[in-house]
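Take a look at the structure set out below.
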Amino acid sequence: MYQHDNFFYSHGKLLLTGEYFILNGACGLALPTIKGQSLTILKKNNNNLSSSSFLHWKSYDELNTPWFEASFKLPSLEIFYETEKKIAQKLRYLLLKSRKIQKNFLSKELGIFVKTKLDFPINWGLGSSSTLIHNISKWAKINPYMLLGDNFPGSGYDIACVLNMKPIIYKLNDKKNPSVIPINFNPPFKNKLFFLHLNKKKNTCDGIKFFLSKKKVSNHSIESISSITNKIPYSKTLKEFEELLFKHELIVSKELNIPTIKELYFPDYLGLIKSLGAWGGDFVLISYRKGMRNYFYNKGFHTLISFDKMIY
């Protein structure tokens, strides 16, 4: 996370353990990613308010191509131009809520231009929303957890990961006061760990709704997930690490009553394949086996990133 008066930057995140069970009190292990998102205020004019007061917002992807644009009247933040209505409404909600917390935010500017830029493709699931929320909170000088409301039904682990800029063990007490323990996670076998993109972007909110519609999660499963989470940082060998995460996948699969990613797509792969975050899309964690790259490439999966090039 870097911060200046007109530039804010937040790293992305990946959830190694815990998945949806964090919502039921399980501990989860989250890892910050090297790539993230920046927010830059390109121009700011503090003249008196006038009828021409506005905020113009433009978002760019990793190729520096604009993917969203909107203009808002100030101080009402009424939308008078947008390229995608749902995104503009979500952004307006965040800005209005920021001002509700910090009364002077966007209340006196005549004209303001904002540019956001992702370091990663938007379908990678590394936290385009959480990094945005964190950047806006830094700009408005407010607590980012206070921006999480009914429109963002997640656990808030992603915000905590962005705030700490190092691996964390996260437990949800409540969104405003979660238990966050920064840890060192530098496994001696990290050169055998890779992240594979499945090209199937999963909507986190949809995944959470699906999870909450299921039967009540057993306390035994929650305790088992927490136990695995707390053992993972102390894994000395790849075999020990794999066995813990194999067990984790089976617990989640049983509770959700859906097959694991390995069962669905890669049943003959001999190494670990561990879902990260919302099941069914984004990245999975892979452990190395001979012929790994050709195996996945021949199945049409071409984005394979080493641990050192992904994790901050």
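Just so you know, all these numbers are worked out from the coordinates, no wet-lab data involved. Quick caveat, the model's predicted, so the values are computed rather than measured. When we count neighbours, we look across all protein chains shown, and the Cβ atoms used for this are built from the backbone with ideal geometry, even at glycine.
Treat every Asp and Glu Cβ in the stretch 2-182 as -1 and every Lys and Arg Cβ as +1, leave all other atoms uncharged, and give the resulting dipole magnitude about the Cα centre to the nearest 20 debye.
540
Order the peptides 65-71, 284-290 from the highest to the lowest mean number of other Cβ atoms within 10 Å of their residues.
In descending order of packing, they fall as 284-290, 65-71.
First measure r as the distance between the Cβ atoms of LEU304 and LYS141, then evaluate 1/(1 + (r/R0)^6) with R0 = 45 Å and state the FRET efficiency to the nearest 0.05.
According to the calculation, E is roughly 0.65.
What is the packing order of peptides 261-267, 239-245, taking the mean over residues of other C-beta atoms within 10 Å and listing the highest first?
Averaged packing, sorted descending, gives the order 239-245, 261-267.
For labels at ASN173 and LYS239 in the simple 7 Å Cα→Cβ model, what's the distance in nm?
Placing both labels 7 Å beyond Cα along the Cβ direction yields 4.1 nm.
Picking from GLY277, GLY18, GLY291, which is most flexible by a Gaussian network model of the chain using Cα springs under 10 Å?
Result: GLY291 has the largest fluctuation of those listed.
Return one number: the angle in degrees, 0 to 90 and rounded to the nearest 10, between the long axis of the Cα atoms of helix 238-256 and the longest principal axis of the Cα atoms of the chain.
It is inclined by approximately 70 degrees.
Can you give the extra length, in nm with one decimal, that the chain gains between LYS254 and SER221 once fully stretched, where that is 0.36 nm per residue apart less the Cα-Cα distance?
Taking LYS254 through SER221 to full extension adds about 10.9 nm, to one decimal.
Let me have the relative contact order for the chain, percent, based on Cα pairs under 8 Å that are six or more residues apart.
23
Which angle between 0 and 90 degrees, to the nearest 10, do you get for helix 219-231 versus the longest principal axis of the chain when only C-alpha atoms count?
90
Give me the number: length gained by fully extending LYS86 to THR40, i.e. 0.36 nm times residue separation minus the C-alpha to C-alpha distance, one decimal in nm.
Computed gain between LYS86 and THR40 is 14.3 nm.
Please report how far the C-alpha centroid of the stretch 23-41 lies from that of the stretch 240-258, rounded to the nearest whole angstrom.
22
Using 0.36 nm times the number of residues separating LYS290 and ASN104, minus their current alpha carbon distance, what extension gain do you get?
Gain on extension, LYS290 to ASN104, equals 61.1 nm.
Counting each DSSP H run of 4 or more residues in the chain as -39500 (n - 2.57), what helix-only mean residue ellipticity at 222 nm follows after dividing by all residues, to the nearest 500 deg cm²/dmol?
-9000 deg cm²/dmol
Separation between the ASN123 and LEU63 pseudo-spin-labels, each 7 Å from Cα along Cα→Cβ, expressed in nm?
1.2
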